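J.: What follows is a single structure, and I will ask about it in a moment.
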Amino acid sequence: MNKIKIIKIIGLSLLAIAAILYWKTLLHLAAWLLLAYWIVKFLLRFAVFFAPVLLFILAVYILFH
């Protein structure tokens, strides 16, 4: 159990060092991930809101294609 604590402390220390060295890159990564999250969230809300219309269009397309 004590070894796991030491490994966690070392891992978090390395992560902190990497965050300090590459903070600008990590900020860009965080910004892109947040933007992607917002886009996916918007698309899911859009899909849920327009699901009946989209399903009807899909059904008509499949029937008459």
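J.: Mind telling me which of the residues A30, A36 ends up being small (G, A, S) and modelled with pLDDT of 90 or more? Quick ask: steps written out before the conclusion?
T.: Working: A30 fails: modelled with pLDDT of 90 or more.
None of the other options fit; the residue is A36.
J.: Right, something else. Considering each of I4, I9, I39, I57 in turn, give the residue that is of a type in the set (A, V, I, L, M), surrounded by fewer than 10 Cβ atoms within 10 Å (Cβ to Cβ) and free of Cβ contacts under 8 Å to residues at least 40 places away in the same chain.
T.: On the way: I9 fails: surrounded by fewer than 10 Cβ atoms within 10 Å (Cβ to Cβ); I39 fails: surrounded by fewer than 10 Cβ atoms within 10 Å (Cβ to Cβ); I57 fails: surrounded by fewer than 10 Cβ atoms within 10 Å (Cβ to Cβ).
It is I4.
The values are calculated or read from the model by the stated rules, or taken from the named source; none is laboratory data. This one's a predicted model, so the numbers in the text were calculated from it and none came from an experiment. Note: ideal-geometry Cβ built from the backbone for every residue, glycine included; neighbour counts use all protein chains shown.
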